[in-house]
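The values are calculated or read from the model by the stated rules, or taken from the named source; none is laboratory data. This one's a predicted model, so the numbers in the text were calculated from it and none came from an experiment. Cβ placement follows ideal geometry from the backbone for every residue including glycine, while neighbour counts extend to all protein chains displayed. What goes into the accessible areas is simple: the full protein's heavy atoms, side chains included, and nothing from ligands, DNA or RNA. Shrake-Rupley method; radii C 1.70, N 1.55, O 1.52, S 1.80 Å.
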Amino acid sequence: TVPLMSRVSALLLVAIVSPAAVALPDDLRQVVVRFGSVASVIPSEVEAAIAEGVRVVDLDSRYQHSAFLLEDGRVYCMGENTQGQCDVPEEIGQPGKAAVQIAVGNFHTMALTEDGEVYCWGLGGDGQLDIPDGVGDPKNPVTQIAASGKTSVALLEDGTMYWWGFNDGYPPSP
């Protein structure tokens with residue numbers, strides 16, 4: 001059996017819609033064949049972009065929603081949207097605000113834009129949307145983001161890491 005981790009499950013959805021858009025190992029292609037087509041759950045904008053030759057370059061999935069990053073910097077989400085976790089801010093994907101990375105928590109989503117700005121949207125009851133001061137400073141730009149459950153994380157160019165949200169078990173941010 002193939003373990004279906006969060007990134008793999010979202011990857012399978014893209015592969016079912018357009019197998020040419022995603023390279024899958026043979027064992028995962030067998031899973032795709034067994035489950036059949038679920039193309040109707042992929043956002044129509046993602047389907048249209050793939051049909052135009054735009055590739056999905058990153059994806060993440062957690063709990064009941066997934067996010068897709070297209071090579072042109074647009075971000076789309078699908079799944080349960082009870083907390084606004086699929087409501088991508090309009091400026092993401094616009095000139096100067098192309099996303100370069102995405103991350104998904106249980107009920108929140110994050111994007112890192114080409115100008116080093118971090119966006120968070122969805123449920124923020126534990127502070128996971130409250131981006132700390134120092135994150136997004138052009139003198140020390142964000143190079144990577146991550147999300148987990150109710151926590152958001154950013155890695156800065158100088159190696160400093162910031163955690164915000166439900167930080168149980170993590171060191172406090174600087």
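Within segment 67-98, which residues are basic (Lys, Arg) and open to solvent by 50 Å² or more (accessible area, probe 1.4 Å)? Correct list: 74 only. Every test in (1) in a loop (DSSP other than H, G, I, E, B); (2) open to solvent by less than 80 Å² (accessible area, probe 1.4 Å); (3) at pLDDT 50 or above is passed by residue 61 save one, and that test is (1). Scanning segment 68-107 for residues that are of a type in the set (S, T, N, Q) and farther than 13 Å from residue 123 by Cβ turns up 94, 101.
A quick yes/no check of all residues on (1) open to solvent by less than 40 Å² (accessible area, probe 1.4 Å); (2) assigned to a strand (DSSP E or B); (3) touching a Lys or Arg at 6+ places or on another chain (Cβ under 9 Å):
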site	(1), (2), (3)
100	no, yes, no
112	yes, yes, no
115	no, no, yes
120	yes, yes, no
135	yes, no, no
138	no, no, no
145	yes, yes, no
155	no, yes, no
158	no, no, no
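The residue pairs whose first member lies in segment 75-98 and is farther than 12 Å from residue 65 by Cα, whose second member is open to solvent by less than 50 Å² (accessible area, probe 1.4 Å) and assigned to a loop (DSSP other than H, G, I, E, B), and whose beta carbons are closer than 7 Å, counting only pairs six or more residues apart or on different chains, are 75/88; 75/92; 75/93; 91/97; 93/73; 98/73.
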